[in-house]
1. Which of the residues belonging to segment 89-132 are in a loop (DSSP other than H, G, I, E, B), hydroxyl-bearing (Ser, Thr, Tyr) and over 15 Å from THR273 (Cα atoms)?
2. Could you tell me which of the residues SER60, SER33 is farther than 25 Å from ARG307 by Cα and at pLDDT 90 or above?
3. Being loosely packed, with under 15 Cβ neighbours inside 10 Å and in contact (Cβ under 8 Å) with a residue 40 or more places away in the chain, is that true of even one residue in segment 400-415?
4. Regarding ASP348, is this residue part of a helix (DSSP H, G or I), open to solvent by 70 Å² or more (accessible area, probe 1.4 Å) and not hydrophobic (A, V, I, L, M, F, W, C)?
5. What single numbered condition from (1) touching a residue at least 12 places away in the same chain (Cβ under 8 Å); (2) open to solvent by 20 Å² or more (accessible area, probe 1.4 Å) fails to hold for ARG78?
6. Any residue in segment 231-245 that is at pLDDT 75 or above, under 22 Å from GLY359 (Cβ atoms) and not in a loop (DSSP other than H, G, I, E, B)?
7. Step by step: first the residues of segment 186-210, then only those that are buried (at least 18 other Cβ atoms within 10 Å of the Cβ), modelled with pLDDT of 75 or more and of a type outside the set (Phe, Trp, Tyr), then the one that is farthest from GLY129 (Cα to Cα). Which residue is that?
Amino acid sequence: MPRFKYIETAPAPERALVVGVDTGRGDWHMAESLDELERLVTTADGVVVGRETQKLDSPSPRTFVGSGKAEEIAAAVRRLDADVVVFDDELSPSQQSNLERIFGDPVKVIDRTALILDIFGRHAKTREGRLQVQLAQLQYLLPRLRGMWSHLMGEQTRGGIGSRFGQGESQLEVDRRLVRDRISALKRELLKLETRRETQSKARWDSGIWCVALAGYTNAGKSTLLNALTDSGVYAKDELFATLDPTTRSIDLAEGRKITITDTVGFIQKLPTGLIESFKSTLAEVNAADLVLEVVDASDSNWEKKRDAVNEILDQIGAKDIRRVLVFNKCDLLAPDDLSSLRVCHPDAVFVSAEEETGLAGLLHRIAEEASAGDTTLTVLIPYEKGILMKMVHERCQVIREQYQGGGLLITARVSARMVATLAPYQVGGSDSI
């Protein structure tokens, strides 16, 4: 018999009941959307104990679901001993407050937005990421402050000595002012970081290094693909939003050109608008790219709708006109016939398995083709004392031939538009566009 009794100190996972309303106007089936909501709950270390659904022409202004359905959910909460009720759509502050009164203490009522913000708060690692999440959380909290001081506001309505000061309202306004001040401070701090990021992006642009960004739905395997292409150790896990902070790695293509590849935050349907705004500087990595690899989970039967959600967000952040290559990942999980069908339907796409590291050579070849599209064949004579310039040519251009001469190194190379201006003073002979 052990001398000491084992005592479990880890907090028990919260028991969640998920709720969805089908108005018939969304692109997603309600069951599919709730499946994703359950994955979000699991990612936030919760346990889903049940789901409730309702069909409505439009959500109820008071309780989102109908009043009768709200009572049914309250009964299910008691029966299942649920700690939290998660709605698949965003609730207004008054709807959230009304539902909490119906369900009773200590049951929490949150929506998809609050759940995503909680997951982002857990996964943000860099200073910028944490500031962005905090900004989005405070902007979400601000209109919901009133209910937190309702017990004090009741004292104001009773009248009597001291009631003219309005304790509840005073405290509410103090809290609102503090939150607004904090939001302003966060925006100023993020603006400084954004300015720094823009300077770094401009430096990369001026350097002539070609930039590739990975974009796609959350859990499509972008981080695993980055690891496979660059032999790096970026955190990758089979969960939603495993990666929030952008990670950039460099790689040398077979032709000798050096490029950078950046992994970005994954997208999701019904991604809160405030969250997109807060992560604007992070998503700017996509805008700064020369090429976007649109990574899709080929084994997901719902990949087309998820791709539409990604394209919608890319359009929102101004990345509509950037060249894209469709990359089907996780092809090892597909049956041969299904893979053949995809190849026929999408002849311009690239098919890989980042986990099995198959198809990567073809992807790198495609990236090289895109990088060299529009290049110019240029012959230049670089003086030997311009060693940095020689290094730039070898890293950022495709060298065709080179010859050591008395006056310097004679190089013929395929050169990008950015490098043409840099090398123009050393050009000998003509140039040809590729």
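The values are calculated or read from the model by the stated rules, or taken from the named source; none is laboratory data. Here the structure is a predicted model, which means the values were calculated and not measured. Ideal geometry is used to build each Cβ from the backbone, glycine not excepted, and the neighbour counts take in all protein chains shown. All accessible areas refer to the heavy atoms of the entire protein, side chains included, with ligands and DNA or RNA removed. Shrake-Rupley method; radii C 1.70, N 1.55, O 1.52, S 1.80 Å.
1. THR126 - this is the single residue of segment 89-132 that is in a loop (DSSP other than H, G, I, E, B), hydroxyl-bearing (Ser, Thr, Tyr) and over 15 Å from THR273 (Cα atoms).
2. SER60
3. Scanning segment 400-415, I find no residue that is loosely packed, with under 15 Cβ neighbours inside 10 Å and in contact (Cβ under 8 Å) with a residue 40 or more places away in the chain, so the answer is no.
4. no
5. (1)
6. Within segment 231-245 (the criterion being at pLDDT 75 or above, under 22 Å from GLY359 (Cβ atoms) and not in a loop (DSSP other than H, G, I, E, B)), the answer is no, since none of the residues qualifies.
7. The extreme case among them is ILE209.
This table checks each residue for (1) under 20 Å from ASP89 (Cα atoms); (2) part of a helix (DSSP H, G or I); (3) open to solvent by less than 30 Å² (accessible area, probe 1.4 Å).
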site	(1), (2), (3)
ILE261	no, no, yes
ALA284	no, yes, no
VAL292	no, no, yes
SER301	no, no, no
LYS306	yes, yes, no
ASP315	no, yes, no
GLY318	no, no, no
